[in-house]
Amino acid sequence: MPLTWAIEHSGKSLIGALAGGYLATVLAKRAFGYTRSTGDAYVLAIPVATIIGRVGCFLSELPLGTPTDLPWGVTVRAEAAAAFARCPGCTVPMHPSMLYEIGFNLVAIAVLLAWRHRVPVPGDALKLYLLAAGSFRFFVEFVRGNEPQALGMTGPQWVLIPLLGVLLIHFIRQVRRDAYRVPPPPIPRAAVLEVHA
């Protein structure tokens, strides 16, 4: 089948894109023998791109989420609702799940700008963002309106469980290795000279 058909009929999942991009980067770096961590160099690009994509989703009136009585529930035009094969909440106000993701990523950008330099292990700022974003997405799935697959959870939630597990194992190992212990600052040279004087 042509690649364009596969793209058009795929889930076009952000989760799959992030996981696939991460895996492709790891494999490419290993193939070229590149050992330096690069994740923190583009950690801001992911939330910025996600915001841009979610603005597009929201403006195109994709099915937003499950029905809600909350005052910020949004509706879609009847013509937009008719374009989707499955849109159970399109006739009533729905959770604006895209706006929730935009809000999360705006906060993530602010946090990354303020504190990413405080993460002492190269590459772990990206992993922390992925852990936070994956956890947020897991919980927002309950109001996104995706069809449950098993045990009341959606496909993205089932994909996120092992991905988040791998990230949690990474951070548990880092803590056990004492990787985040920051060494004490060096003693000023003048103080050293005074001690020896």
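The values are calculated or read from the model by the stated rules, or taken from the named source; none is laboratory data. If you're wondering where the values come from, they're calculated on a predicted model, not measured in any experiment. Virtual Cβ from ideal backbone geometry, glycine too; neighbours counted across all protein chains shown.
Results, tabulated for the structure shown:
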| read-out | value |
| --- | --- |
| Filtered residue count, the range 140-188, keeping only those that are of a type in the set (A, V, I, L, M, F, W, C) and under 21 Å from Tyr129 (Cβ atoms) | 15 |
| Residue list for the range 130-158, filter: part of a strand (DSSP E or B) and either touching a Leu at 6+ places or on another chain (Cβ under 7 Å) or not small (Gly, Ala, Ser) (or both) | Pro148, Gln149, Met153, Thr154 |
| Considering residues of the range 132-157 that are out of contact with any helix residue (DSSP H, G or I) (no Cβ under 8 Å at 6 or more places or on another chain) and surrounded by 14 or more Cβ atoms within 10 Å (Cβ to Cβ) only, the residue nearest to Met98 (Cα to Cα) | Phe142 |
| Long-range neighbours under 8 Å by Cβ, at least six apart or interchain, first residue at pLDDT below 80 within the range 170-197, second surrounded by 10 or more Cβ atoms within 10 Å (Cβ to Cβ) and of a type outside the set (S, T, N, Q) | Val182/Pro120 |
